[in-house]
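Working notes, structure below.
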Amino acid sequence: HAGKAHAPRHGLPRLLGLLEGMGAEERPKLVRGDNAYGNDVVMSALEAIGQDYLFKLKQTRGVKTLIARQWRREEWRDVGAGLEAAQADLQLTGWARARRVIVIRRTIRGDLVASQRRAARGAQGRQQSLSFAQGTQGLRLYEYDVLVTNTELPIESIAWLYRDRADCENGFDELKNQWGWGG
């Protein structure tokens with residue numbers, strides 16, 4: 001496909017054809033993808049052929065509501081490397097059914113800096129302004145990822161499987177960009 005035809009909707013028919021053409025013993029254990037794949041069309045298609053998946057979700061309003069709900073329940077489990085995770089069932093608007101989601105959080109440590117671009121007086125360009133966060137003692141800041149899956153794997157395994165996805169993608173990125181094989 002052309003460079004602008006890279007979304008899951010363009011690749012889904014080929015992915016399904018590839019998976020359906022494989023015997024059960026040849027299929028991958030899991031299809032992993034970023035938040036572009038975490039939609040009902042892709043998940044329903046994979047569920048229909050019995051293929052397990054693990055995708056990241058965009059932090060939409062419904063996902064943020066889930067994060068807040070999980071926060072209040074305080075059912076977080078240590079999954080290693082400074083990560084904590086909790087699981088729930090979630091049905092977002094546009095989804096045909098509820099699905100298993102894993103919320104992963106990591107405490108942000110160290111000095112924080114906020115960046116903002118402002119129009120400079122009398123200058124043509126924009127000037128960057130940095131602010132150092134002060135008085136964060138006693139304040140805990142977190143970053144979150146929310147994953148959706150149809151597997152029954154334990155949440156510790158799910159967290160590591162998604163994290164390892166980046167390692168796989170780095171090889172493809174280097175082939176395409178550093179070696180010039182991407183055109």
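The values are calculated or read from the model by the stated rules, or taken from the named source; none is laboratory data. None of these values were measured; they are calculated from a predicted model. Don't worry about glycine lacking a Cβ; one is built from the backbone with ideal geometry, like all the others, and counts go over all protein chains shown. What goes into the accessible areas is simple: the full protein's heavy atoms, side chains included, and nothing from ligands, DNA or RNA. Shrake-Rupley method; radii C 1.70, N 1.55, O 1.52, S 1.80 Å.
In the set ARG100, ARG106, ARG72, only one residue is open to solvent by 20 Å² or more (accessible area, probe 1.4 Å), more than 19 Å from ILE158 (Cα to Cα) and of a type outside the set (S, T, N, Q); that residue is ARG72. Cβ separations smaller than 8 Å between residues 6+ apart or across chains give the following pairs from the stretch 102-115 residues that are part of a loop (DSSP other than H, G, I, E, B) to residues that are surrounded by 11 or more Cβ atoms within 10 Å (Cβ to Cβ): ASP111/ALA133; LEU112/ALA133; LEU112/THR136; LEU112/LEU141.
When residues in the stretch 109-127 are screened for being surrounded by 11 or more Cβ atoms within 10 Å (Cβ to Cβ) and either modelled with pLDDT of 95 or more or under 17 Å from TYR142 (Cβ atoms) (or both), 1 of them pass. Residues in the stretch 29-56 that are part of a loop (DSSP other than H, G, I, E, B) and either more than 21 Å from ALA159 (Cβ to Cβ) or modelled with pLDDT of 95 or more (or both): 5 in all. If I filter the stretch 1-23 down to residues being under 17 Å from ASN39 (Cβ atoms) and modelled with pLDDT under 90, which single residue comes out as most open to solvent (accessible area, probe 1.4 Å)? So, considering only residues that are under 17 Å from ASN39 (Cβ atoms) and modelled with pLDDT under 90, the one most open to solvent (accessible area, probe 1.4 Å) is ARG9. For the stretch 40-50, give me each residue that is surrounded by 19 or more Cβ atoms within 10 Å (Cβ to Cβ) and out of contact with any Asp or Glu (no Cβ under 9 Å at 6 or more places or on another chain). VAL42, MET43 - these are the residues of the stretch 40-50 that are surrounded by 19 or more Cβ atoms within 10 Å (Cβ to Cβ) and out of contact with any Asp or Glu (no Cβ under 9 Å at 6 or more places or on another chain).
Scanning the stretch 57-88 for residues that are part of a strand (DSSP E or B) and among the hydrophobic types (A, V, I, L, M, F, W, C) yields a count of 5. Here the condition is being surrounded by fewer than 17 Cβ atoms within 10 Å (Cβ to Cβ) and either among the acidic types (Asp, Glu) or in contact (Cβ under 8 Å) with a residue 24 or more places away in the chain (or both); of GLY94, GLY33, it holds for GLY94 alone.
Going by the conditions given, is VAL79 open to solvent by less than 20 Å² (accessible area, probe 1.4 Å) and either among the basic types (Lys, Arg) or touching a residue at least 24 places away in the same chain (Cβ under 8 Å) (or both)? So VAL79 fits the description; yes. Looking across GLY23, GLY80, one residue alone is touching an Asp or Glu at 6+ places or on another chain (Cβ under 8 Å) and farther than 18 Å from ARG100 by Cα. It is GLY80.
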